[in-house]
Every structure is written in structure tokens, then in C-alpha cells.
Amino acid sequence: MKLAEIARRVGGVVSGDAAVEITGVAPIETAGPGEITVLSRQRYMKWVPRARASAIITGEEFAKSIKWRTLVIAKNPYEAFSVVLHLFTPEERIPKGVSNRAHIAPTARIEDGAAIMAGAFIDAETFIGRNTIVYPNAFIGYRAKVGAECRIYASVTIRERCQIGDRCIIHPGAVIGADGFGFNSDAQGHHKVPQIGRVVIEEDVEIGANCTIDRGTVGDTVIGRGVKLDNLIQVGHNVRIGEFTVIAAQTGISGSTKIGEWAQIGGQAGFAGHIIVGNRVKVVGQSGVIGDVGDDETIAGYPAVDRMRWLRNTASLERVGDFMREQRASERDRGRKLPDNRQAPAKPEKKP
Amino acid sequence: MKLAEIARRVGGVVSGDAAVEITGVAPIETAGPGEITVLSRQRYMKWVPRARASAIITGEEFAKSIKWRTLVIAKNPYEAFSVVLHLFTPEERIPKGVSNRAHIAPTARIEDGAAIMAGAFIDAETFIGRNTIVYPNAFIGYRAKVGAECRIYASVTIRERCQIGDRCIIHPGAVIGADGFGFNSDAQGHHKVPQIGRVVIEEDVEIGANCTIDRGTVGDTVIGRGVKLDNLIQVGHNVRIGEFTVIAAQTGISGSTKIGEWAQIGGQAGFAGHIIVGNRVKVVGQSGVIGDVGDDETIAGYPAVDRMRWLRNTASLERVGDFMREQRASERDRGRKLPDNRQAPAKPEKKP
Amino acid sequence: MKLAEIARRVGGVVSGDAAVEITGVAPIETAGPGEITVLSRQRYMKWVPRARASAIITGEEFAKSIKWRTLVIAKNPYEAFSVVLHLFTPEERIPKGVSNRAHIAPTARIEDGAAIMAGAFIDAETFIGRNTIVYPNAFIGYRAKVGAECRIYASVTIRERCQIGDRCIIHPGAVIGADGFGFNSDAQGHHKVPQIGRVVIEEDVEIGANCTIDRGTVGDTVIGRGVKLDNLIQVGHNVRIGEFTVIAAQTGISGSTKIGEWAQIGGQAGFAGHIIVGNRVKVVGQSGVIGDVGDDETIAGYPAVDRMRWLRNTASLERVGDFMREQRASERDRGRKLPDNRQAPAKPEKKP
């Protein structure tokens, strides 16, 4: 594909030879002749002198400083790159039909165009929407419902009565609807509290590999429309995650906590149970959030506080050792002076 | 079911109309007419004015302040709620029999009443106890033994020679008995140390979804009777967890560490290897425990220390920045005064 | 087996009765008559008085202080113990052949000696190397390639086009090649960026149970030769891990970060994206690494800094509360003195 055509499709402008033929896409470190790449972060500028790509997609802010023979200048270079990735996505094998090695309960309802692969288990009274793909060895429990155009990858478990909206992607090994962690404890031990609620995942949600989303004790655990969860995330019973919130890997959210819409949560963060976290909140990775958080706050640390305050505290901690040493030294210093001072007034006493 | 009957079953007392018909159970936020709910935490009191439930189960401490037309007052309202959940648990489909789509080795011994579902793999010389259910695509390795009345959920892996006691629940995707993480390292690389021990899980244990419990290098990794593990927990080789200990999600325990009985461990906590943690210890979430811990301690932070000390340290960190600024300012102040002072006594000298 | 023979095989020297018959191996806490054990850590010395093992393998540094009737003294006792574990490894059942309950695409190429067990799914145009074992319910995607002598344990997912080198072990439930976590966000939501790269795992790598290794957005996520990953580790898209690096459980590495060779990374550590971590770096467990790290550094804390500095900061935090209290007290003290001092110089003024 000619570079001119690529520029047209991404809505960018070519600076250099628009007739160059592009045959692939690669990261800047490895892209070779015939390949196009992207540069949208300062820290990758260092790769430019060694780059061998035939063209670089970049934004206006970098275009001047890059000094590279062939550029595609785009308003949003990462978005443009995404379009290019679509153009060069390797042919995918879309599975078709219902495998005779899948287990399909007679009362399951499989809509047109859905594919059920070998080893998948589709229990009684389930619903699998139009064009949804259920990969090998996935489990869809009794009365669970999966919307249209979904991908349920290999070895996913969706337990009974859970609901998945249209266009969701559940990555391999994720577990939707395991029992919430609830017990009544006495001197004899911990007695299981029935977990009779569900998990409801709204449309356009992506759940990462090996995530675990527990069902509600009673009522639902809800993952809002457009939410994106990275891998290995734990979501406790009766948690609600608002629309379009994005959460990085290995974060854990304890039972009954509500997270607002459009929040951005870093990796390995932890949330206590029964708290309310507002809309558009940003949580730095590894934070421990143990109380309510208002809308639009940015928080960090454990216990998580306003990020600027956390930065100040962290900076203070870096300085406080020296500070204490200085103060001790200056005390000793003053200490040495003090006897002098005492000695000084003592002198006049001696004088008389 | 009449409210009077519910009150009778949970051992509570009705305040209001005992004849009201209850048809379901729901959280206070969403419960509607005909539904019963629970209120046992101060922070949910705010929902009462908006509540639409036909009855609320609560304890004596809240009963007076709630001002709600129909209450069931119980000594332990959460326990009462658990009983109600049992009453309203939706009909469950209990799988029966051995699927002809399961792989059952001829030398496997399957006790009466056990159900083995499609895609499960039951290896040679295994034992599956009475009334145990093995869900689809679970793997039970060579000579492994699963007790009676267990649930081994979908895609669980139990490797060779591991043992699971009676009445255990292993949630989907959990891996029991993978190799411990042990290597002999030299300049050529890391050479695998054989991991020939087992995992022994005693009775009445619950293992959360996607947990990983490694087998002993030699000897056993042991999960004591009545232990409850939440999801995504890592248990290293040769760890021992004492009876009735409860551990929240995403905690990790390094090899050969011993945890006592009746401990309560928060989420995302980490334990170094080869340490001994006492009985009834409480560990705050996200703590990093790097040394032995005595019985009955409550610890927090990294490295984990007594929780009160950790709270004081955290409070100090919050104040120390201001403190250092004040001290610097007061020094400057003293600095400015000092010249004045020096000037002042200088004046009299000038005077004469 | 006679102890003399064991000593010969591990290259050690017997102190005591070399003719004793050894029938098994066990940890020092549980080893009984006829069993051999190892002692290579100071903290296990306390077990010696209670030990019942017939022989103890140890190093020269402990041999004198142990006072035990029968020792095998070895240069590297842990390595010697590993050899003994090999000698006493229980008979393993090595699966053979291709199960007729596995799904094997007609275009898959399965080399001699490979075993494919029931429920495994081997997609089109895959390659499974010589003597590799694919356990039940594993998934090998379109055009994926698995080298020789590998073990792909139960319920592992290896998605399309990923590559696994020779002699790799992928533990149960690990997910290789799920989509990287990449979106273009605007007011309408988060739009999926195609993830068209691969995961390339070089030879002699071990990937722990339920790990998740995401494919590159474009280009590859690379796990270098001889790397060992513990369980539940997250590796983001386009990460590169250098040869022989070892990472403990539950660590997470964000997208595009490079980790050097021979690094040692503790459990539950977190790495920000797009950073470069040098060779032979040591990272303490639970650290949060948010910037580049030079070769040979040892770091700890969040944000991670030089470990010694982190220890000093931690010690400062432990002391700073007392320090502030002292300073306040001494100020109050000085405060009381200060009026005296002011009074004192006032006196001379009075004098004239």
C-alpha cells in the first residue's frame, strides 16, 4: 500500500515521498525497510537516529524535531497508528458453527452466527447471542446469558445466571460469577453465606485474562458499559464499576465498593470494602484506598491521599533523615555553645 | 412466606406487621415491595429514607434509630440474613452422574453419588469421594484424592498425588499442586529442583478462583481445616496455613512460611519466605510481612509493624513536611533575631 | 540406597555411618528414620535437637555446629539436596500419544514423541515439537509454535502465532498471548487498538500457574532464554525480559518495559510502562519501580530507590514521630527559657 493511501486513511499529511510502498508495521526499534512505525513519546526519540523504517507516523509537536525523511503527520498519532494496525492485522481465522465436541444442553439457545468450539460447555437454559464466539473449554452456566458479537475465550468460566452484554470480550481464564467471599464466623468456624446474586456485565466491556469477578451475595456485581479491565483483577461481591472506567492489571476491589464512571485506576491498587469512589477519579498504581473518594480526585499512596500531598510526603520522607541528623548536630552545636553561654554569665559572677 | 415465619426461622422478633408476605431478598439499595433486606452497618443507614423493602432485618443497636415500619430484630443480623438467603436461594441444578464426555481412567475410583461433568479429566489411580461434583474441564492428576461432598469447579487443576479433604470447594481456575518455585542457580542458569512433595488440603476448606497453591519441594504444602482463601491468592511450596485462617484476595505467601490458626489476613498482603506467623494474627491489607510475628498481633505496613505504631508513623509522615518547614522558618527567624540580639547587646557597647 | 552411594552421587563426604540405608527424603521437621534431609539455613538449626532423620545433608559451615550422628557434608548442600530429590522422585506417569478426545486440526504438525491429552485443542497450522506434552484442556491457537521437550500443563492458553522455545514449562492456567491492554479513548469511550504482535518465549523458560503474558501491540513481547516466572505474574504488551531473570509471584510489568538479564525480582513488585531496568538488578518484593534502573542496582520501596536509602528512610520514619515530639517539648522548654533570656538581657538595660 502506498504511503499516500495510508496517510489518506489515517487523515494525516505526508512529509517526504508519498509514493513509498508500505508492506508492514512494527515498533520503532525493529521496523525495517517497507515498514511504518509510530513515534508519539519523547522517550522514544532516541531511537530515531538508528531507525530503519520507511515512514514514521508522528504528531505536529514532534514533526519538526524528528528530522526524518518520510513522515505521516497526524493530529492524534496513536489513533492513526491504531488505524494502520487495522490495515495490517494478519488474517484472523474466525471460528464458525457449533462443534460436535462441545457440550450444548438441549435447552440452550444459540443464536444465528454464534460459534461454539470443541470442549465448550453450554449449560441448560443459557442464551448465546448472534455472532458470539465461545472458544474451547469455556463454561457457560445454567441460565447464563451472553449477548451478541462477544468473544468468550478459552477456559473462561461464566457461572449460573450471570449476564454478559453485547460486544464484550472475556479473555482466557477469567472467572465470572464465582461465589463472593462471605462467611458467618463463630467458635466452630466460618459458615458460608449463600451467594445468590449475579454478575451483570454491560455492553462493550473487556475483562482481562484470569480476572475474577465474584457474584453478588444478594443483588448484583455490576460492571458498567464500556469498562476495560486488564488482567488478574479481583472484583469482590456486589461491587459496581461505573461506565467507561479503566483499571490496570492486578488491582483488587473489595466487596460492596462502588467505583464511579470514567475513573482511571493504576495496576496493583487495592480498595477496601463498602467505600464509594467518585467519577473521573485517578488512582496511582499500588495505592491502597481505604475511604470514600470524591469526584475528580487524583490519589496515591497507602492510605491513599491526594497525589500532590503524597508526593510531598514522599519527598519529606526522603529529606527527613538528613533533617534529623542536621538538627541533632545543631543541637549538639547549640549544646556546646550553651555551656559557653552559661559559662559566660558565670564569669561576671566570678568577677565580683 | 409470611414475615412471622421468617422471623421464627432466624430467631428474631418482628416489630410491625408480621403478616406481610415476603417473596424475595435484595440489598437495601434495590429491595422493593415484597422483599426483605438487612441493615447491619452504620454507613448503610443513609439508605433507609429511600428504602422500599417490605422488611428490614437489623440488630438491637440499630432498631431504635431506624424508624422503619417493619423490622425483624435479630441478635446477629448478618447471620439472620444468611438464613434468609438460604430460604430464597434460587433452585440450583445439581449435576448428576458421570458424563461420557469426561475422561475417566479405568483405575480411577469414583464413589457413589459423585458427578463428573463433560471434559473433566480424571487420571489413573485417583479417588473421587461420595457426592463430590467435578465440573467441566477440571483436571484431577495421577493418584490425587478428593474427599466427599466437594465441589471442584470448572477448569480447576489438581495435580498428581495432591489431597483434598471432605466438603472442600475449589473455585474455577484454581491450580493445586503446580511445581514450587525452586532452582539451583549457577553461571549456566537456573536448574530446576525437583518438586516431589504434595498439597494437602484438609476438610471444609474453600479455595478462591484462580488461586495457585504450589506443591512442597519435599513434604507437603498444607492448608488447614476450615481455612477460607479468597481469589487470586498465591501459596508457595511448603507453606502451612493453620486451621480456620481467612485470607483476602491477591495475598501472596512465599515458600516455607507458616501461618497460624484463626489468623485474618487482608488483601494484597505479602509474606516473605521461611517466617512464622502466630495464631490469631491480623494483617492489614497490602502489608509486607518480612519477619516472624507473635500470636495475637495486629500488623500493618511494609515492613509490617504493630498496627498502632504503623498508624503513628503514617500520621508522622503526614505532619513531618510541615514540621520541617516550620523548623526551617523558625531557624531563619531565630537567625534573623540572632543578629538583632547581637546588635542589641552591641548597642550598649556603642552607647558608651 | 546406602548413604555412601548417596554421598558419592552428590559429591559429598559422610561423617558417621555410611552404611545406613536411606529410603526417602523429607523436610527436617518431618523426616523420620530411614529418611535424609537437608540443613542449609541458620533458622532451621533449632529443629536439629528434635530431628529424627537418619542423615542430614549440610555444608561445611554448619557441619561443626550441628552435632548430629550422620551427616553428608557437601560444598553446595542445596544442590546436593536437589540431586537427592531426583533420586527419590516418585515414579511419574508420562503421558503418551495423541488422545482421540483431543481436537487436532488436520493442518497441525505434531512431531514424534509428542503427547496430546484429552480435551486439548490444537488449532490449524500449529507446530508441536518432539516429546512435548500438551495436558488436558490446553489451547494452542492458530499458527502457534511450541518447541521440543516442553510441558504445556492443563488449561493453558497459547493464542495464535505465539512461539514457545524448546524445554519450556508452562504451568496450569497460564495465558500466553492475550490482547495487550491498549485503547484510544475519546468522549465516546475506549476504542480497542488492534494487538497484532506475538509473544515469543525463548528456550528453557518456566512460566508459573495462572500467569498472563500479553501479546505485543505490534512486534513481540519477549521472554528471554532461561527466565523463570513464578505464579500469577502479569507481563504487559511489548515487555522484554532478558535472559535468566527470575521473578517471584504476583509481580506486574506494564507495557513496553524492558527488564535486563539475570535480574532478581521479588514478589508483588510493580513496574511502570516504558521504563528500562538494567542487568542484574535486584528488586525487593512489593517495590514500585517507576523509572529507569541502572545495571546492578538493588532497589526497594515505592517509588523504588536504592535499597540502603530505602532502609534509611524506613528507619527515619520509625524515629521521626519521637523526634518531632522531642523537638516540640524542647521548644516548649526553650520557650520557657526564652522569656528568661529576654528578661536577662533586659536586666542590664534596667541596670543603667
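So, in the range B:284-335, how many residues would count as being within 21 Å of C:PRO303 (Cβ to Cβ), of a type in the set (S, T, N, Q) and not assigned by TED's automatic domain parsing to the domain that holds B:GLY255?
Looking only at that region, the number is 3.
Let me spell it out: the conditions are (1) surrounded by fewer than 24 Cβ atoms within 10 Å (Cβ to Cβ); (2) without any contact (Cβ under 8 Å) to a residue 60 or more places away in the chain; (3) touching an Asp or Glu at 6+ places or on another chain (Cβ under 6 Å); (4) farther than 20 Å from A:GLU297 by Cβ, and A:ARG225 meets all of them except one. Which number is the exception?
Only one criterion is unmet by A:ARG225, namely (2).
Within the range C:45-74, can you find the residues that are among the aromatic types (Phe, Trp, Tyr), surrounded by fewer than 20 Cβ atoms within 10 Å (Cβ to Cβ) and within 20 Å of C:VAL10 (Cβ to Cβ)?
C:TRP68
Can you tell me which residue within the range A:115-125, out of those that are surrounded by fewer than 24 Cβ atoms within 10 Å (Cβ to Cβ) and over 19 Å from A:ARG161 (Cβ atoms), is farthest from the chain's Cα centre (by Cα)?
Taking the candidates together, the pick is A:ALA118.
I need the full set of residues from the range A:135-160 which are surrounded by fewer than 24 Cβ atoms within 10 Å (Cβ to Cβ) and either within 19 Å of A:GLY97 (Cβ to Cβ) or basic (Lys, Arg) (or both), in order please.
Across the range A:135-160, the qualifying residues are A:ARG143, A:LYS145, A:ALA148, A:GLU149, A:ARG151.
Out of all the residues in the range A:164-180, is one or more touching a helix residue (DSSP H, G or I) at 6+ places or on another chain (Cβ under 8 Å) and of a type outside the set (A, V, I, L, M, F, W, C)?
no
Look through B:THR245, B:THR217 and report the one residue that is modelled with pLDDT of 95 or more, over 21 Å from C:GLY285 (Cα atoms) and within 14 Å of chain A (Cβ to nearest Cβ).
B:THR245 is the lone residue from the list that is modelled with pLDDT of 95 or more, over 21 Å from C:GLY285 (Cα atoms) and within 14 Å of chain A (Cβ to nearest Cβ).
Which residues, taken from the range C:161-181, are aliphatic (A, V, I, L, M) and either surrounded by fewer than 24 Cβ atoms within 10 Å (Cβ to Cβ) or touching a Pro at 6+ places or on another chain (Cβ under 8 Å) (or both)?
C:ILE169, C:VAL175, C:ALA178
Cβ-Cβ under 6 Å, sequence separation 6+ or interchain: first residue in the range B:34-61 and over 23 Å from A:ASP292 (Cβ atoms) and within 14 Å of chain A (Cβ to nearest Cβ), partner among the small types (Gly, Ala, Ser) and in a helix (DSSP H, G or I). Which pairs?
B:ILE57/B:ALA80
Of all residues being within 13 Å of chain B (Cβ to nearest Cβ) and among the β-branched types (Val, Ile, Thr) in the range C:121-151, which is nearest to A:ALA154 (Cα to Cα)? Just the residue, please.
C:VAL134
Provide a single number: the residues in the range A:62-108 that are more than 9 Å from every other protein chain (Cβ to nearest Cβ), among the small types (Gly, Ala, Ser) and under 28 Å from C:GLY182 (Cβ atoms).
Count: 4.
Would you be able to tell me the number of residues in the range A:153-164 that are facing another protein chain (nearest Cβ under 9 Å) and over 22 Å from the mean Cα position of the chain (by Cα)?
3
Counting just the residues of the range B:262-276 that are more than 21 Å from B:GLN195 (Cα to Cα) and part of a loop (DSSP other than H, G, I, E, B), which one comes out farthest from the other protein chains (Cβ to nearest Cβ)?
B:ALA263
Applying the selection to the range C:182-219, what residues are surrounded by fewer than 19 Cβ atoms within 10 Å (Cβ to Cβ) and of a type in the set (S, T, N, Q)?
C:ASN184, C:SER185, C:GLN188
For the range A:89-112, give me the residue count where each residue is in a loop (DSSP other than H, G, I, E, B) and either in contact with a Pro (Cβ under 7 Å, 6 or more places away or on another chain) or surrounded by 15 or more Cβ atoms within 10 Å (Cβ to Cβ) (or both).
Residues in the range A:89-112 being in a loop (DSSP other than H, G, I, E, B) and either in contact with a Pro (Cβ under 7 Å, 6 or more places away or on another chain) or surrounded by 15 or more Cβ atoms within 10 Å (Cβ to Cβ) (or both): 7 in total.
I need the full set of residues from the range A:235-261 which are part of a loop (DSSP other than H, G, I, E, B), more than 14 Å from B:GLN250 (Cα to Cα) and within 12 Å of the chain's Cα centre (by Cα), in order please.
A:PHE244, A:THR245, A:ALA248
For the structure I just gave you, tell me whether C:TYR135 is within 26 Å of the chain's Cα centre (by Cα), of a type in the set (Phe, Trp, Tyr) and more than 17 Å from C:GLU203 (Cα to Cα).
yes
Looking only at the range C:113-147, how many residues end up being among the basic types (Lys, Arg) and either under 18 Å from B:ILE140 (Cα atoms) or assigned to a strand (DSSP E or B) (or both)?
1
Determine, yes or no, whether C:ARG130 is in the same structural domain as C:THR157 (by TED's automatic domain parsing), surrounded by fewer than 21 Cβ atoms within 10 Å (Cβ to Cβ), of a type in the set (Lys, Arg) and closer than 30 Å to C:ASP166 by Cβ.
yes
What do you reckon, is C:ALA118 within 14 Å of chain A (Cβ to nearest Cβ), under 23 Å from A:ALA120 (Cβ atoms) and touching a residue at least 24 places away in the same chain (Cβ under 8 Å)?
So C:ALA118 does not fit the description; no.
Just need a number here: residues in the range C:296-325 that are more than 9 Å from every other protein chain (Cβ to nearest Cβ), surrounded by 18 or more Cβ atoms within 10 Å (Cβ to Cβ) and assigned to a helix (DSSP H, G or I).
Final tally of qualifying residues: 1.
Kindly indicate whether any position in the range A:165-177 is over 21 Å from C:GLY173 (Cα atoms), more than 13 Å from chain B (Cβ to nearest Cβ) and in contact (Cβ under 8 Å) with a residue 60 or more places away in the chain.
Yes: one or more hits.
Please work out if C:ALA102 is modelled with pLDDT of 95 or more and within 20 Å of B:TYR142 (Cβ to Cβ).
yes
If we scan the range C:277-291, do we find a residue that is in contact with a helix residue (DSSP H, G or I) (Cβ under 9 Å, 6 or more places away or on another chain) and part of a loop (DSSP other than H, G, I, E, B)?
So far as the range C:277-291 goes, yes, one or more of its residues are in contact with a helix residue (DSSP H, G or I) (Cβ under 9 Å, 6 or more places away or on another chain) and part of a loop (DSSP other than H, G, I, E, B).
This table checks each residue for (1) farther than 22 Å from B:THR212 by Cβ; (2) of a type outside the set (Val, Ile, Thr).
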| position | (1), (2) |
| --- | --- |
| A:ILE169 | yes, no |
| A:GLY177 | no, yes |
| A:ASN184 | yes, yes |
| A:VAL200 | yes, no |
| A:THR217 | yes, no |
| A:ILE223 | yes, no |
| A:LEU229 | no, yes |
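State whether the residues of the range B:176-198 include one that is of a type in the set (Gly, Ala, Ser), under 23 Å from A:PRO194 (Cα atoms) and within 26 Å of the chain's Cα centre (by Cα).
No, the conditions are met nowhere in the range B:176-198.
The values are calculated or read from the model by the stated rules, or taken from the named source; none is laboratory data. From a predicted model like this one, the values you see are computed outputs, not experimental measurements. We place every Cβ from the backbone using ideal geometry, glycine too, and count neighbours over all the protein chains shown.
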